[in-house]
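Okay, so here's the structure we're looking at.
The values are calculated or read from the model by the stated rules, or taken from the named source; none is laboratory data. The structure presented is a predicted model; accordingly, all values stated were derived computationally and were not measured. All Cβ positions, glycine included, derive from the backbone under ideal geometry; neighbour counts span all protein chains shown. Surface accessibility is based on the protein's heavy atoms, side chains included, excluding ligands, DNA and RNA. Shrake-Rupley method; radii C 1.70, N 1.55, O 1.52, S 1.80 Å.
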Amino acid sequence: MIYQKPKGTRDLFGFELERLETVNSIARRFFKKSGYQELKIPWVIDKRVYVLIPEGTASVWRAFIENKLSLPARFLYIGSMFRKERPQKGRYREFEQIGIELLGESQPFYDAEIIEQAKRFLEIIGAYDFFIEINSIGCPKCRSAYKNILKSYLKPHMNTICTDCQRRFGKNFLRIFDCKEETCQKIYDRAPMITDHLCLECREHYAHVKKYLGIFKVDSKENKKLVRGLDYYTRTVFEFKQKGLGAQDTIIAGGRYDLLMKELGGSDIPCLGWAMGPERMLLALPQDVPQLEDRTSIYIAVIGERYVETMLKVRDTLVKNDFICVMAAPEDSIKDQLRQANRLKVDYVILYGEDEAEKGMYAIKDMKTGEQHSIVPDQLLQFLKKS
RNA sequence: GUGAGUGUAGCUCAAUUGGCAGAGCAUUGGACUGUGGUUCCAAUGGUUGGGGGUUCAAGUCCCCUCACUCACCCCA
């Protein structure tokens, strides 16, 4: 072994890859029909060193500016993202993400719409047992006023909260609400919440978002402790959480970030979006969801090299007609060929050798029942299609 | 970065207070020379993750290291 795969990465193949790709193609179909255009963004975000993208939003913005695209714009991106944390259940260092970004829309209608689209998408895939949490974290105006209120509430408790929270207090203020310590949570339960300290505009925006969620018939639960660590988030934040997962149970997270564009040095453009971790979601689903396309598979057993050419034509016809088709090397014994066919779990085997050539027929064997009969070449496609 | 748990055949796992490294499945061959899967018989398969130590003797006990898993942390 020359080298092993880096920690937190995986080789995807077989069923696992198949269902991930199925989710991706459903996403493409669904969101393109909803007016989104796909954007393929580079994994590398630095000229000299290989710095890998941790999320898609900033890159989508960069692409928007660099390509001088016009507003309003809806983008879909699908691909690998990277994080450096130690892996655990539902958290890999290289992981898949499906995300959408909606640029240039400030109406609360759209906050509700992207939540509804996420929900419909999950339903199409066959996900269930998830719930939606929403909150509003206001704008810089109400948030800075609120931060002072929260700070003065927390001051007397500084020695009671855990060391992690003390660190968060200085670095990532609102994130203290995410703490898993019970003693900390007891203190935060009685803390003033940002949702109750919104300015008039933010309050109205939030009320409209909830109104539209009602019109869209999307059930959601308000979680006043749901926050974001970064300052460019404004107003609406939401998460979809999946039951039956471990500590990492958020399958979709998103919100509104009207200040991001300014932070990146651009003009003032509002933006909404979310990102989904399909692998994490699939962890909680039964193996047969989403439903895979079930194609009939055929193995062509050839007995004698001089029949290869005839069977190559059959193979090409089958592939053109969307069957899965594998051909055997004529040097292998018929026993080996059938054994291979069995291992590949194919539905049918076409056998062709001296006997069949003389009669001008194909022998076709149903691998489930073991039945075998002769069929004239012209009827092959018809026979396979009705099966 | 921190903590806990697990590493034995290709896979899933056994192995008593330290006492001959095993089973099932898989693989290969045969029974069966143009018929897989089922059945029967046989064979192959291991520096017990790696290194060091204690001991007459280590899969088992001690130390180090690597990998995986879960949790903390982080979460744009």
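Restricting attention to the range A:178-237, the residues being closer than 21 Å to A:Thr163 by Cβ and within 16 Å of RNA strand B (Cβ to nearest atom) number 14. Of the residues making up the range A:32-42, those that are surrounded by 15 or more Cβ atoms within 10 Å (Cβ to Cβ) and either closer than 13 Å to A:Pro278 by Cβ or within 16 Å of RNA strand B (Cβ to nearest atom) (or both) are A:Leu39, A:Ile41. Against the test of being assigned by TED's automatic domain parsing to the domain that holds A:Gln88, under 24 Å from the mean Cα position of the chain (by Cα) and not β-branched (Val, Ile, Thr), the options A:Arg203, A:Arg256, A:Arg235 yield a single qualifying residue, A:Arg256.
For the subset of the range A:285-320 comprising residues that are assigned to a helix (DSSP H, G or I) and among the β-branched types (Val, Ile, Thr), which member is least open to solvent (accessible area, probe 1.4 Å)? In this case the residue turns out to be A:Val314. Within the range A:7-47, the residues that satisfy the criterion of being assigned to a loop (DSSP other than H, G, I, E, B) and either more than 27 Å from A:Gln287 (Cβ to Cβ) or aliphatic (A, V, I, L, M) (or both) are A:Leu12, A:Ser34, A:Gly35, A:Tyr36, A:Leu39, A:Lys40, A:Ile41, A:Pro42, A:Trp43, A:Ile45, A:Asp46, A:Lys47.
On the basis of being out of contact with any Phe, Trp or Tyr (no Cβ under 6 Å at 6 or more places or on another chain), loosely packed, with under 13 Cβ neighbours inside 10 Å and of a type outside the set (A, V, I, L, M), does A:Arg62 make the cut? Taking the combined requirement at face value, the residue does not satisfy it. Of A:Ile115, A:Ile161, A:Ile187, all but one fail to be open to solvent by less than 30 Å² (accessible area, probe 1.4 Å), assigned to a loop (DSSP other than H, G, I, E, B) and in contact (Cβ under 8 Å) with a residue 12 or more places away in the chain; the exception is A:Ile161. Here A:Leu338 does not fit the description of being more than 8 Å from RNA strand B (Cβ to nearest atom), at pLDDT 90 or above and not acidic (Asp, Glu). Across the range A:17-31, the number of residues qualifying as without any contact (Cβ under 8 Å) to a residue 40 or more places away in the chain and either more than 28 Å from A:Gln88 (Cβ to Cβ) or within 14 Å of RNA strand B (Cβ to nearest atom) (or both) comes to 2. Can you find, within the range A:321-343, the residue that is surrounded by the fewest Cβ atoms within 10 Å (Cβ to Cβ) among those that are closer than 29 Å to A:Leu17 by Cβ and aliphatic (A, V, I, L, M)? Ranking the qualifying residues of the range A:321-343, first place goes to A:Ala329.
Considered as a group, the residues in the range A:67-112 that are in contact (Cβ under 8 Å) with a residue 12 or more places away in the chain, within 12 Å of RNA strand B (Cβ to nearest atom) and assigned to a loop (DSSP other than H, G, I, E, B) include one that is most open to solvent (accessible area, probe 1.4 Å), and that residue is A:Arg86.
The residues on offer are A:Ile324, A:Ile300, and the sole one that is more than 10 Å from RNA strand B (Cβ to nearest atom), in contact with a Lys or Arg (Cβ under 8 Å, 6 or more places away or on another chain) and modelled with pLDDT of 95 or more is A:Ile300.
Considering the conditions (1) of a type outside the set (Gly, Ala, Ser); (2) within 14 Å of RNA strand B (Cβ to nearest atom); (3) in contact with a Lys or Arg (Cβ under 6 Å, 6 or more places away or on another chain); (4) under 30 Å from A:Phe15 (Cα atoms), A:Leu272 is excluded by exactly one of them, (4). Does the range A:34-50 include one or more residues that are in contact with an Asp or Glu (Cβ under 8 Å, 6 or more places away or on another chain) and either in the same structural domain as A:Ala253 (by TED's automatic domain parsing) or under 20 Å from A:Thr250 (Cβ atoms) (or both)? Scanning the range A:34-50 turns up no residue that is in contact with an Asp or Glu (Cβ under 8 Å, 6 or more places away or on another chain) and either in the same structural domain as A:Ala253 (by TED's automatic domain parsing) or under 20 Å from A:Thr250 (Cβ atoms) (or both).
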